[in-house]
1. Within straight cross-link reach of K762, meaning Cα distance under 26 Å, which lysines are found once same-chain residues fewer than 8 apart are removed?
2. Are there trypsin sites (Lys or Arg not before Pro) in the range 503-539 that DSSP marks as loop and that have at most 15 other Cβ atoms within 10 Å, and which are they?
3. Looking only at GluC sites (Glu not before Pro) in DSSP loops with at most 13 other Cβ atoms within 10 Å, what is the longest site-free stretch of the chain?
4. Take the alpha carbon atoms of the range 84-106, find their center, do the same for the range 558-620, and report the distance between the two centers in whole angstrom.
5. Could you calculate, for the range 408-474, the ratio of the Cα radius of gyration to the Kirkwood radius, expressed as Rg to Rh?
6. Could you calculate the contour length gain from A451 to E697, that is, 0.36 nm times the residue separation minus the distance between their Cα atoms, to one decimal place in nm?
7. What nm distance separates the two modelled labels at R250 and I766, each placed 7 Å from Cα along Cα→Cβ?
8. Per residue of the range 662-673, in order, report the coupling 6.51 cos²θ - 1.76 cosθ + 1.60 (Karplus, θ = phi - 60°) as ³J(HN,Hα) in whole Hz, putting x for Gly and Pro.
Amino acid sequence: MNLKFPVFLFLLSFSFSTAAQPSAFFTQTIRGTITDNILQTPVAGATVTLMGTDQSVLTDDKGNFKFSRVPLTTQQILISHIGYKEALIQNIIVNAGKETVLTILMEASIHAEKEIIVKANTKKNRPLNDMSAVSARAFTVEETQKYAAAVNDPLRMATGFPGVMAADDGNNSIVIRGNSPAGLLWRMEGIDIPNPNHFSDPGTSGGGISILSSQLLSNSDFITGAFAAEYGNALSGVFDLKLRKGNNERKEFSLQAGVLGLNAAAEGPISPGYKGSYLVNYRYSTLSLLNGLGVLADGGVTNFQDLAYNISLPTRRFGDFTLFGFGGLSNDKFDAKKDSLTWEETGDRYISEFISNTAMSGVTHSILLGNKTNLRSAVGISYNTISYNENYIEDDYSVSEEYRGRYDTRKWIISATLNHRFSNKHTLRIGAITNFIRFSYNQFSKENPNATLEEMINTKGTTQLFQSFAQWQYKPSNDLTFNAGLHYIRLLYNNTSSFEPRVSAKWDMDKKSSLAFGYGLHGQIQPLGVYFAQVNYGSGNTINPNKKLGLTRAHHFVLSHQYSLSKNLRLKTELYYQHLFNVPVSTYDTSSFSVLNVENDYVTDPLINNGTGKNYGIEISLEKYLDNNFYYTLSNSFYQSKYRAADNKERNTRFNGNYIITLLAGKDFLSANKLRTVGINIKTIYAGGFRTTPIDEQRSMQEGYTIFKEEQAYSLQNPAYFRTDLRVSIKWNRRKVTSTLSLDIQNLTNRLNFYNQSFDEKKGGIVTNYQTGLIPILNYKIEF
């Protein structure tokens with residue numbers, strides 16, 4: 001670390017001492033496509049105005065527009081068209097290295113008379129999905145790049161939003177409104193995808209770091225409750241990701257090197273004169289390079305690499321095709337030394353290897369059927385393999401096996417969505433999603449460290465998960481919107497299913513305020529491995545007690561109010577209540593176990609759908625949108641998260657921290673010629689600690705391993721969590737090149753937040769484990 005800061009300061013001084021021409025000599029192109037937000041059809045003849053200039057253009061029959069020789073500074077454009085609400089796009093960043101290519105959605109106006117100008121009341125962060133009325137917001141690629149310690153990871157960025165908290169610092173799993181991280185749904189280009197994270201455990205939605213690069217992502221939606229009818233098999237939240245199309249007129253490149261890895265991206269037209277494009281990104285972990293050079297010390301070795309791509313293939317008569325996909329390889333290995341003098345704690349005696357590999361490829365097709373109907377279809381195939389082996393070095397240096405597991409999952413995914421606009425007031429969206437699943441799971445584990453290794457899961461086979469939905473939107477006026485729909489989900493393995501109604505309404509009361517309400521019934525299947533847990537009664541008599549488990553279900557209620565205090569300052573308040581039922585709990589009526597407290601892995605205990613839970617709270621956020629190169633968001637979340645297990649006692653869930661207070665802020669400082677920008681961004685989180693179960697120290701000493709007082713489950717609250725992250729960046733533009741140097745300092749104050757406690761036989765008592773301290777992450781990026 002002593003070397004990183006001087007290097008950073010040297011490059012900072014170098015960037016400002018470098019001679020540069022006035023910004024008038026440096027220009028770039030802004031171009032894009034205007035499309036209808038429901039039918040995804042081009043809006044021809046729209047007037048696009050570059051604000052602050054006298055430049056205006058009309059979109060062509062493909063909805064395209066273009067401005068050449070635009071100065072390198074933040075711009076804004078205004079789009080208007082008869083029959084659509086006027087749209088103002090602000091804070092468009094123009095850099096020398098790449099053209100600025102936009103895709104802009106326009107919303108149809110109910111009253112389309114020429115003399116009436118209708119402006120959308122909501123501007124920033126409005127969800128791209130027009131049928132998401134509550135607990136939803138759009139996030140931009142710029143946010144993933146600007147937010148301190150986000151490191152281009154959507155999950156880490158989301159911890160700046162109301163009601164969202166990281167499960168722990170070493171992982172990007174997120175807790176939403178007190179729900180387990182396992183309740184999150186990932187979707188990309190309208191198709192459900194597997195967990196897109198490196199080092200992901202079975203049955204979880206997060207991992208160590210995202211496989212997806214911000215180079216590929218476009219503006220996307222993040223939803224935290226009462227989802228629209230098209231989203232299913234989720235309880236806590238939805239990441240609805242959209243991909244950016246590559247530049248279809250010129251080749252562009254991006255190279256990045258930093259502590260977390262080497263990153264290279266390329267994009268451009270497929271062939272001259274054809275509007276198709278490619279975009280591809282590859283990343284290789286720096287940690288692997290350092291290990292190969294012998295820089296890293298002996299012990300744990302962490303490697304990862306990934307590839308992602310998006311290929312756009314439009315046609316004149318047969319609609320538009322897209323090929324997209326991602327793949328990630330990750331492994332972590334720890335070799336313990338066979339030397340008792342080096343063993344300071346019990347953990348030093350374990351040898352382990354963890355492998356987590358994921359790949360997904362898909363094809364989408366979008367075609368207009370007549371003037372009012374759009375059909376979007378997709379086919380995808382995914383593969384995920386996770387394996388973990390753990391061994392223990394005995395006193396005589398012999399090695400005993402503690403755990404062995406391998407989980408392979410392959411899926412074919414087929415989906416189709418039909419959008420039909422009867423009129424500007426009535427819209428219908430229907431669709432179906434089918435997953436064909438092939439699995440092979442094998443797990444050997446111990447009930448406790450002193451027990452024998454037993455086979456807990458051993459299965460292979462196929463099954464299907466079917467979902468369908470229908471949702472209708474009615475807009476009696478430009479200020480009032482109603483949504484109603486139904487989602488159906490069925491797991492054919494055990495024929496468990498759920499019919500789930502969804503409704504919402506939004507009223508723009510005046511130019512400054514709006515009120516919205518949403519309700520939804522939501523269901524989620526259990527992580528697949530749970531169904532195949534087995535109990536062996538000897539003599540080959542084995543049963544699967546969890547085969548008939550039903551879906552975990554939840555009623556979501558949300559009341560939302562937004563008020564614009566000024567042009568770029570918004571106050572948003574949301575009240576929510578979630579009632580969870582049909583929750584799997586232990587079959588033993590004295591047990592305090594519930595899957596609502598499980599973050600990952602496959603539970604192998606016998607379970608039954610008799611548990612309940614509830615999450616309720618209020619979220620108040622004050623958000624100043626980026627204006628004059630300054631933004632901030634202050635979020636306050638106050639909540640309760642409770643559950644009942646088989647013993648019928650109400651307890652705090654593991655994730656009941658009670659409050660989360662988050663401050664995000666950032667400011668850009670431009671040089672006189674506007675070619676250099678220094679950015680300072682900060683994120684501070686102060687939150688109540690999660691819950692834990694007290695350790696029975698006397699019994700632990702007798703048995704030699706950690707034994708919890710299960711009857712007092714989650715009765716203790718961990719100390720409050722506090723963390724501050726800082727990001728400092730310098731961006732400078734030269735002719736056709738943009739360079740960015742950034743330093744993210746995670747956990748700036750080096751506060752060691754509480755992680756957990758365990759009994760350590762080597763130390764003869766309870767030890768406290770803490771989360772990560774200060775971590776500097778240096779990156780250099782060049783675009784050309």
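The values are calculated or read from the model by the stated rules, or taken from the named source; none is laboratory data. In this text the structure is predicted, and so the values were computed from the model without any measurement. Here Cβ is always computed from backbone atoms with ideal geometry, including for glycine, and neighbour counts include all displayed protein chains. All accessible areas refer to the heavy atoms of the entire protein, side chains included, with ligands and DNA or RNA removed. Shrake-Rupley method; radii C 1.70, N 1.55, O 1.52, S 1.80 Å.
1. Here the lysines satisfying the reach criterion relative to K762 are K333, K337, K338, K446, K709.
2. Here the trypsin sites (Lys or Arg not before Pro) that fit, given the DSSP loop and packing criteria, are K511, K512.
3. Details: sites that count: E113, E115, E344, E345, E394, E447.
Between the exposed loop sites, the longest stretch runs 448-784.
4. If you average the Cα positions of each part, the centres end up 37 Å apart.
5. So for the range 408-474, dividing Rg by the Kirkwood Rh gives 1.38.
6. Working: separation 246, 0.36 × 246 = 88.56 nm, distance 1.93 nm.
Gain on stretching A451 to E697: 86.6 nm.
7. Those two pseudo-labels are separated by 6.4 nm.
8. 10, 10, 10, 7, x, 9, 9, 10, 9, 6, 4, 8
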